[in-house]
Amino acid sequence: MRMRVLTVVGARPQFIKAALVSPRLREVAQEVLVHTGQHYDYELSELFFAELALPQPDHLLGVGSAPASVQTAAILERLHPVLVQERPDAVVVYGDTNSTLAGALAAAQANIPLAHVEAGLRSYDRTMPEEINRVLTDHLAQALYCPTAAAVENLRREGIVEGVVLTGDVMEAALARAHPSPDLLQPYAVEPGGYFLATVHRQANADSPERLRGILAGLGRLSAPVLLPLHPRTRERIARFGLDVPANIRLLPPQGYRAMISLERYARAVLTDSGGVQREAAWLGVPVYVLRQRTEWTELVESGQAVLVGTDPERIVTAVEEGWARPQATAGRPDPVEAIVADLGARWGK
Ligand code: UDP
């Protein structure tokens, strides 16, 4: 019998990461893929399964959107019988969403070993729901796959040293295979370097009329069109709060992965509160401004590639127009997928 791994995914960035790891994992293991249904809109979910050829899920938990506790509880309740039925040798979770935490907790309660991909990240801001998910998941995991040396160090400070592996970043490996192209800018009628790209979906921003208003005002004062692919949550809040969208901002639906990477690659600068988008832009050598007070990707800020600008319009405009960010594209590093699959095999292979 081959090693049996149950992977839990539920949100866009997890589909992107699993699309890279799952095919390789399936060469050496039996994988059961569980989709919690945390993201369920076509553009946030199915689109990625189709575009990235992610295998179809074996189990759809269909939890839908709900407050964090309710969503976490719903996943736990629905995942338990799946774990009992499938009896995997290990559970793999990605990142920092409610699906990550619920997958981790369900595994721990069923006494099944847990591997966490993207372990060790810390923003040290416990008001971010993602921070709680990261900390708890790391403390439940037996295998902790860290994207950076800083993540390894964060874990060491919390007393976690066993099972910690510095693998590199799966998101970076995905990007390396994405091949951005200026041809993909055609539908947006923009030229390379002639526009800004922005995304906004963190709860702290989307749920606050003041912060959202500040971001829109800042983007509205930039000296070129701003393409803003909008997460459904943010779109709904802009409407609910009755916020004006300045004329240079073009609201777009959530984009497919390759289109998004191409938009990032040829933007004059990227403004985002996303964890994934900020590092993709940095890796691509595009100036990036982070619409938050803190980031879990501290090395990007320390190296000057990303600049934290928060949500104050004045600060956003000044930072971007004065070119505070110091872009530097990063060259390819060792393949994290091989490191993850090899470690899973060494630990739980038979
Ligand atoms: N992304 C995408 N289309 C979009 C916005 C983002 O394909 O319209 C990709 C982006 O390139 C990155 C990932 O989604 O690979 C980041 O996910 P998200 O911003 O939802 O989550 P976070 O990284 O903040 O957890």
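The values are calculated or read from the model by the stated rules, or taken from the named source; none is laboratory data. Bear in mind that the values here come from a model prediction, so they are computed numbers and not experimental data. All Cβ positions, even for glycine, are placed from backbone atoms using ideal geometry, and neighbour counts span all protein chains on display. Calculation scope for accessible area: heavy atoms of the full protein, side chains included, ligands and nucleic acids excluded. Shrake-Rupley method; radii C 1.70, N 1.55, O 1.52, S 1.80 Å.
How large is the translational diffusion coefficient of the chain in µm² per second when you combine the Kirkwood radius over alpha carbon pairs with Stokes-Einstein at 4 °C and 1.567 mPa s?
Numbers: Rh = 20.5 Å.
In µm²/s, the coefficient rounds to 63.
From the phi angles alone, apply the Karplus equation (6.51, -1.76, 1.60; θ = phi - 60°) to the range 290-298 and give each ³J(HN,Hα) in whole Hz, x where the residue is Gly or Pro.
Ordered by residue, 3J(HN,Hα) equals 9, 7, 8, 8, 9, 9, 7, 9, 4 Hz.
Note down the nm distance, to one decimal, between modelled labels 7 Å out along Cα→Cβ at Asp125 and at Glu314.
2.0
With θ set to phi - 60°, apply the Karplus curve 6.51 cos²θ - 1.76 cosθ + 1.60 along the range 162-168 and write out the HN-Hα couplings as whole Hz, x wherever there is a Gly or Pro.
6, x, 8, 10, 7, 9, x
At a 10 angstrom cut-off on C-beta neighbours, averaged per residue, how do the peptides 176-185, 18-27 rank from highest to lowest? Walk me through the intermediate numbers first.
Values: 176-185: 14.6, 18-27: 19.0.
Descending packing order for the listed peptides: 18-27, 176-185.
Residue separation times 0.36 nm, minus the C-alpha to C-alpha distance between Ala68 and Ser181: what's the value?
On the way: separation 113, 0.36 × 113 = 40.68 nm, distance 3.74 nm.
In short, 36.9 nm is gained.
Pull out the extension gain between Glu153 and Ala53, defined as 0.36 nm times the separation in residues minus the alpha carbon to alpha carbon distance; nm, one decimal.
Separation in residues times 0.36 nm, less the Cα-Cα distance, equals 32.5 nm.
Determine, for each peptide in 103-115, 202-214, the mean count of other beta carbons within 10 angstrom over its residues, then list the peptides with the highest first. It would help to have the intermediate numbers written out before the result.
Values: 103-115: 20.4, 202-214: 17.1.
Ranked by mean Cβ neighbours within 10 Å, highest first: 103-115, 202-214.
Tell me whether the range 118-214 comes out rounded, prolate or oblate; compute the Cα gyration tensor, take square roots of the eigenvalues as a ≥ b ≥ c, and use a/c under 1.5 as the rounded threshold. Kindly include the intermediate steps, with their values, before the conclusion.
Values: a/c = 3.54, a/b = 1.50, b/c = 2.36.
It is oblate, given that a/c is not under 1.5 and a/b is not larger than b/c.
For the charge dipole of the chain, defined by +1 on Lys and Arg C-beta atoms and -1 on Asp and Glu C-beta atoms about the Cα centroid, which residue among Tyr42, Ile215, Ile132 has the Cα displaced farthest towards the positive pole?
Highest projection toward the positive end goes to Tyr42.
Where the accessible area of the range 244-294 is counted over protein heavy atoms with a 1.4 Å probe, how much of it, in %, is carbon and sulfur? Before the final figure, lay out each step's value.
Values: 750 of 1540 Å².
Exposed carbon and sulfur together represent 48 percent of the surface.
Under 10 °C and 1.306 mPa s, how fast does the range 270-310 diffuse according to Stokes-Einstein, given a Kirkwood radius computed over C-alpha pairs? Answer in µm²/s, whole number. Provide the component values of the computation, followed by the final result.
Working: Rh = 9.5 Å.
Taking Rh from Cα pairs, D becomes 167 µm²/s.
In nm, to one decimal, how far is the modelled label at Ala110 from the one at Glu321, with both set 7 Å along Cα→Cβ?
5.6
Gain in length, Glu338 to Glu191, computed as 0.36 nm per residue apart minus the alpha-carbon separation, to one decimal in nm? Write out the running numbers ahead of the final one.
Values: separation 147, 0.36 × 147 = 52.92 nm, distance 3.71 nm.
Full extension of this stretch gives 49.2 nm more.
Using the crude model of +1 on Lys and Arg Cβ and -1 on Asp and Glu Cβ, and no other charge, please compute the dipole size for the range 1-137 relative to its Cα centre, in debye to 20.
Details: 11 positive and 15 negative charges, 76 e Å.
Magnitude of the dipole: close to 360 debye.
Report the calculated FRET efficiency for Lys350 and Leu60 (r = Cβ-Cβ distance, R0 = 22 Å), to the nearest 0.05. Could the numbers behind the result be given before it?
On the way: r = 28 Å, r/R0 = 1.29.
With R0 = 22 Å, the Cβ-Cβ based efficiency is 0.20.
What is the Rg over Rh value, at two decimals, for the range 240-350, using alpha-carbon atoms and the Kirkwood definition of Rh?
On the way: Rg = 17.4 Å, Rh = 16.0 Å.
Across the range 240-350, the Cα-based Rg/Rh ratio is 1.08.
State in Å² the accessible area per residue of the range 44-168; use a 1.4 Å probe, count heavy atoms of protein chains only, and round to the nearest integer. Each step should come with its number before you reach the end.
Values: 5230 Å² over 125 residues.
Per-residue value: 42 Å².
Amide H of Gly37: which non-local residues (sequence gap of 5 or more, or other chain) have their own amide H closer than 5 Å, using H built in the peptide plane?
For Gly37, whose amide H was placed from the backbone, the distant partners under 5 Å are Leu61, Gly62, Val63.
With labels modelled as points extended 7 Å from the Cα through the Cβ direction, what inter-label distance (nm, one decimal) is found for Arg294 paired with Phe241?
That separation, rounded to one decimal, is 2.1 nm.
Just to confirm a number: summing +1 for Lys and Arg and -1 for Asp and Glu over residues other than Leu219 whose beta-carbon lies under 14 angstrom from that of Leu219, what do you get? Mind showing how you got there, number by number?
On the way: positive: Arg211, Arg213, Arg221, Arg250, Arg268, Arg315; negative: Asp244, Asp273, Asp312, Glu314, Glu321.
Around Leu219, the charge tally is +1.
How large is the helix-only mean residue ellipticity at 222 nm for the chain, computed as the sum of -39500 (n - 2.57) over DSSP H runs with n ≥ 4, divided by its residue count, in deg cm²/dmol to the nearest 500? Display every interim value, and only then the final one.
Details: 15 runs with 152 residues, N = 350.
So the helix-based figure for the chain works out to -13000 deg cm²/dmol.
Going by average Cβ density within 10 Å per residue, which order do the peptides 83-94, 64-75 take, highest to lowest? Kindly include the intermediate steps, with their values, before the conclusion.
Numbers: 83-94: 20.6, 64-75: 16.5.
Packing order, densest peptide first, comes out as 83-94, 64-75.
Using a probe radius of 1.4 Å on heavy atoms only, what accessible surface per residue do you get for the range 188-298? Whole Å² is fine. Can you show the working numbers first?
Working: 3850 Å² over 111 residues.
That works out to 35 Å² per residue.
For the chain, take the longest principal axis of its alpha carbons; what is the angle in degrees between that and the long axis of helix 129-140, to the nearest 10 within 0 to 90?
On a 0 to 90 degree scale, this one is about 20.
Ratio of alpha-carbon Rg to the 2.2 N^0.38 Å globular estimate for the range 1-135, to two decimals, please.
0.98
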